[in-house]
Amino acid sequence: MEEVRIIAIKFLSFLGLHDYTLCTYELKDKSFTSRFVQEALLEILGEEEEETIEVVIFLTDEARESNWEKENKHGKEGLSSILERLQQQNRIIVRDVRVPSKSDEEGIWEVFSIVIDQLKEEDEIIFDITHSFRYQPMLALLILHFAKVAFRTRIRGIFYGNIAASPKGEVPIAPITDLTPFIDLQDWVTNVYAFQESGRAESLYRFVYEKKEELVKQKVPHKEIQKMSTIEKFTNKLYHLTMELETNRGPTIQTMAQKVLASLDHVQSDLPAQFQPIEILLKRIEKKVEPLAHPDVIESGLAAISWCIQHGLVEQAYTMLVEILVTAVCLVKGYSIEEARDYDLREHYISESLKVADLMLRGEKIEYRNPKVKELADKFATNYTQMVNLYSSLKVDRNDLNHAGWVKQPLEEDKFIERLVKPDPNQRDQSNQAGKYLDLMEEIRNYWKENKPE
């Protein structure tokens, strides 16, 4: 049975109408002379390719007559016969695909669908837009972005041949511009936006990691790889910070946020030229992370809760809110951060004292087994009534969340969120519970300011 070759690399190009003249196309330190930029690019890029490239030429009926047929209307050899010779060498496989010549909205979307139909999952794409007409360069960018999301394609390059006039009798030089960095910038924008909106950084880290691996394969100067490695280390730390927030790693979030900012400083001080436009985006990341790196551990913890609320990490927000209050009390009582990790301290002293204070406020009779618990509970019940009441309610709600609703009186799902966000003055049907855990955050902040050790 003949071996089936899986095509992964696709070269996409639009063919135009003009009577193209001979040009020497140059890309970096390589050049090739041809009437067609498509041939030049395939010769230049194909030198380093071991795999067969699938070439897809999009052309209107007019372009087919002008430049595709073996003997076109200009009386010259068409692109089809040139590519046929490359195909006979088993270097490429060629397909021509008809596109409409109309450029109204319907025609544009038809071209979009036609091009997308030529792509498959995880294709690696080279796009030549030299002879793209009117709207087509913008459409090419949209297609590439859509394909990356829909089919997980990888962009090997997007190129434009700068064909310029030259003195009669001379073969003009046509530098080929590599526009791939603009696709990279688009990816930066997309991934930073995803981070800002979702609080997740894995796609940003994966994007940077893959760009570094591409540079390694391209054997670019070591200095450029080092710069990209610096960016990769930063996004890796950012990814781990977001994972700590998602997995409730309360004691280490502050330290990891500080590491992220330190790593970001290194990136900003030595940003590669192609990444200069992203400095604005990096500033946005910095502004978002700074509250988590607050030198005060309780303020950092409250910032982590705000982060979770903002990004829909509801259960994490409830859990952190319980634990940050307990931690604040531990520190006020003179225990160290390390000592505050002790389960017995947290549960049988601090949490028990808050529970007893709540029972006191309800007027229930209590038998005290630990005089230290009574002393602390008295202080809470006397001076921090609101904080105790809110904490008691929070514990019930957190228990409901942690047990996945398998409790006697489970809360409706929207109520958990309602209690974490500011009440909307324009919404009349809100309960009086709206935003109450934001009030608890302020109670904790005030308690900490009044009592924190010097």
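The values are calculated or read from the model by the stated rules, or taken from the named source; none is laboratory data. Note that this is a predicted model, so its numbers are computed, not measured. Counting neighbours? That spans all protein chains shown, and the Cβs are built from the backbone with ideal geometry, glycine included.
On the basis of being of a type in the set (Gly, Ala, Ser) and surrounded by 17 or more Cβ atoms within 10 Å (Cβ to Cβ), does Ala262 make the cut? Answer is no for this residue. Go through Glu49, Glu84 for me and flag whichever is free of Cβ contacts under 8 Å to residues at least 60 places away in the same chain and not in a helix (DSSP H, G or I). Every option except Glu49 fails the conditions. Going by the conditions given, is Glu352 surrounded by 15 or more Cβ atoms within 10 Å (Cβ to Cβ) and within 27 Å of Pro295 (Cβ to Cβ)? The answer is no for Glu352.
Whenever a residue of region 52-75 is assigned by TED's automatic domain parsing to the domain that holds Val97 and among the β-branched types (Val, Ile, Thr), its partners that are modelled with pLDDT of 90 or more and part of a loop (DSSP other than H, G, I, E, B), lying with C-beta atoms within less than 8 angstrom and at least six residues away or across chains, give the pairs Val56/Gln118; Ile57/Leu15; Thr60/Val99; Thr60/Pro100. Anything in region 414-454 that is more than 34 Å from the chain's Cα centre (by Cα) and either modelled with pLDDT of 90 or more or at positive phi (or both)? List them, or say none. Residues satisfying the conditions are Glu443, Asn446, Tyr447, Trp448, Lys449, Glu450, Asn451, Lys452, Pro453. Checked against (1) over 30 Å from Ile324 (Cβ atoms); (2) crowded, with 17+ Cβ neighbours inside 10 Å; (3) not small (Gly, Ala, Ser), Ile280 passes all but a single condition, namely (2). Considered as a group, the residues in region 432-454 that are assigned to a helix (DSSP H, G or I) and aliphatic (A, V, I, L, M) include one that is nearest to Ala303 (Cα to Cα), and that residue is Met441.
Just to be sure before I move on: is Ile366 modelled with pLDDT of 95 or more, of a type in the set (A, V, I, L, M, F, W, C) and outside any helix (DSSP H, G or I) in the structure I sent?
No.
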